[in-house]
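Chemist: Please see the structure below; I have some questions.
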Amino acid sequence: MNNKFNNKVVVSGIQPSGIIHIGNYLGAFKNFLKLQNDYKCFFFIADFHSLTVPQDRKKLNSWILELMATFLALGLNPEKSVLFVQSFVPAHTELTWILSTLTPLSFLKEMHQFKEKAKKQGKDVNAGLFTYPILQSADVLLYDADFVPVGQDQIQHIELIRDLAKKFNEKYDNTFKIPQPLINKNTAKIMSLKDPTKKMSKSDQEKTYIGIFESPDVIKEKIIKATTDSGTEIFFDPIKKPAISNLLLIASGILDTDMNTTVKIMQAPNYMKFKEKLAQLIIDYFQKIKIKKEKLLIDEKELKKIFIKGAAQAQEIAMKKIIEIKKKIGLLVKDEG
Ligand code: AQP
């Protein structure tokens, strides 16, 4: 691990769902890239989380590999961060069970994400979808995270993680750090292309989000067909111009410029020209990354090796922590005979 100027720990995961949309990228990934230079970072592929919605096993397998390649292509560096797959480290599920015995059902019933996703699953909604915030708590608490970089939609889950850590600490002595969410104010909630009052979400219809690796034609078409506001001027005002402001936030995230500068750069005589400019910006930005990702995917073995090595590093820390936890709650641990 490189020399970090402090020992604060950052933990976050991304589900292998086959799609990384621009909200995922700007809300989560882009922050990871900055954080890995300054903190001790653990970034993982949340494969167990992805099982909370129906999956095709062949597709899931290739999506995990694809996400491995994406992590690296986007710039996550195994020399700087611990990169691993969640299911490679069994302590995540062990701690989930322990924490679930401390989690009041009433806490889980409050979760907005469960309520929304349960509606989509109908009467066959699975228990994993309900308890998934506990797995997320285990993911974070195992590594004594100080910070969890996430988008706005995850804030309620981070609150749960904090509550569970406090509950455990009160009952069994100080064991867990109380983590804080890390939110990038401007890009924490990128909105749907079709409805600027709704979060961009991959479980929504395809035309509502931009997958960062979609073809240039598709990206262009989606941006051109994105909802706009009345008028023709391009300025940032989420109340008067919610749709244009959302597109400007995307531009500012990609350009890495403040809003005043972004508005100047993105000026155009009309919405159509503005959208064409934005589409080109997105296409140029992600094309190079896409090529890199595809190259990395050629050697699956090498790719896996990196995540197996990361898992061994994560496992070492997680094992120590789970032994400490088991002892605190009165379980026998094997190494003590
Ligand atoms: N619209 C968004 N704007 C900013 N950040 C977002 N995130 C998700 N949507 C937005 C953040 O992306 C990270 C990836 O989390 P995930 O892989 O667990 O995906 P998710 O939270 O389930 O969000 P999706 O992509 O929209 O999927 P569905 O439709 O299944 O809910 C997280 O940090 C998240 O906050």
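The values are calculated or read from the model by the stated rules, or taken from the named source; none is laboratory data. Nothing here was measured: the structure is a model prediction, and the numbers come from that model. All Cβ positions, even for glycine, are placed from backbone atoms using ideal geometry, and neighbour counts span all protein chains on display.
Chemist: Report, by residue number, each residue of segment 121-140 that is touching a residue at least 60 places away in the same chain (Cβ under 8 Å), within 20 Å of Pro104 (Cα to Cα) and either in contact with a strand residue (DSSP E or B) (Cβ under 9 Å, 6 or more places away or on another chain) or not in a loop (DSSP other than H, G, I, E, B) (or both).
Modeler: Taking segment 121-140 and keeping what is touching a residue at least 60 places away in the same chain (Cβ under 8 Å), we get 121, 126, 128-129, 132, 135-136, 139-140.
Among the residues that remain, those that are also within 20 Å of Pro104 (Cα to Cα) are: 126, 128-129, 132, 135-136, 139-140.
Across segment 121-140, the qualifying residues are Gly128, Leu129, Tyr132, Leu135, Gln136, Asp139, Val140.
Chemist: Going through Gln287, Gln280, Gln180 one at a time, which residue ends up being closer than 21 Å to Thr70 by Cβ, polar (S, T, N, Q) and either away from the ligand (no atom under 11 Å from the Cβ) or touching an Asp or Glu at 6+ places or on another chain (Cβ under 6 Å) (or both)? Spell out how you get there, then give the answer.
Modeler: Values: Gln280 fails: closer than 21 Å to Thr70 by Cβ; Gln180 fails: closer than 21 Å to Thr70 by Cβ.
Just one listed residue meets the conditions, Gln287.
Chemist: Would you check which residues across segment 54-70 are more than 13 Å from Gly310 (Cα to Cα) and buried (at least 17 other Cβ atoms within 10 Å of the Cβ) and list them? Please lay out each step first, then the result.
Modeler: If we filter segment 54-70 for residues that are more than 13 Å from Gly310 (Cα to Cα), which is where we start, we get 54-67, 69-70.
Those that are more than 13 Å from Gly310 (Cα to Cα) and buried (at least 17 other Cβ atoms within 10 Å of the Cβ): Trp63, Ile64, Leu65, Glu66, Leu67, Ala69, Thr70.
Chemist: Hey, another quick one. Out of curiosity, is Phe114 of a type in the set (A, V, I, L, M, F, W, C), away from the ligand (no atom under 16 Å from the Cβ), at pLDDT below 95 and on the phi < 0 side of the Ramachandran plot?
Modeler: So Phe114 does not fit the description; no.
Chemist: Considering each of Ser17, Ser12, Ser62 in turn, give the residue that is away from the ligand (no atom under 16 Å from the Cβ) and either of a type in the set (Gly, Ala, Ser) or in a strand (DSSP E or B) (or both). Even if it seems obvious, please write down each step before you answer.
Modeler: Values: Ser17 fails: away from the ligand (no atom under 16 Å from the Cβ); Ser12 fails: away from the ligand (no atom under 16 Å from the Cβ).
When all the criteria are applied, what remains is Ser62.
Chemist: Right, here's the next one. Does any residue in segment 208-231 that is free of Cβ contacts under 8 Å to residues at least 24 places away in the same chain come within less than 7 Å, Cβ to Cβ, of a residue that is assigned to a helix (DSSP H, G or I) and of a type outside the set (D, E, K, R) six or more places away or on a different chain, and which pairs are these?
Modeler: Filtered contacts from segment 208-231: Asp229/Pro242; Asp229/Ala243; Asp229/Ile244.
Chemist: What single numbered condition from (1) part of a helix (DSSP H, G or I); (2) closer than 22 Å to Thr197 by Cβ fails to hold for Ile234?
Modeler: The number of the failed condition is (1).
Chemist: Here are some residues: Asp139, Asp153, Asp124, Asp144. Which one is surrounded by fewer than 15 Cβ atoms within 10 Å (Cβ to Cβ) and either more than 10 Å from the ligand (Cβ to nearest atom) or at negative phi (or both)?
Modeler: After ruling out the rest, the residue left standing is Asp124.
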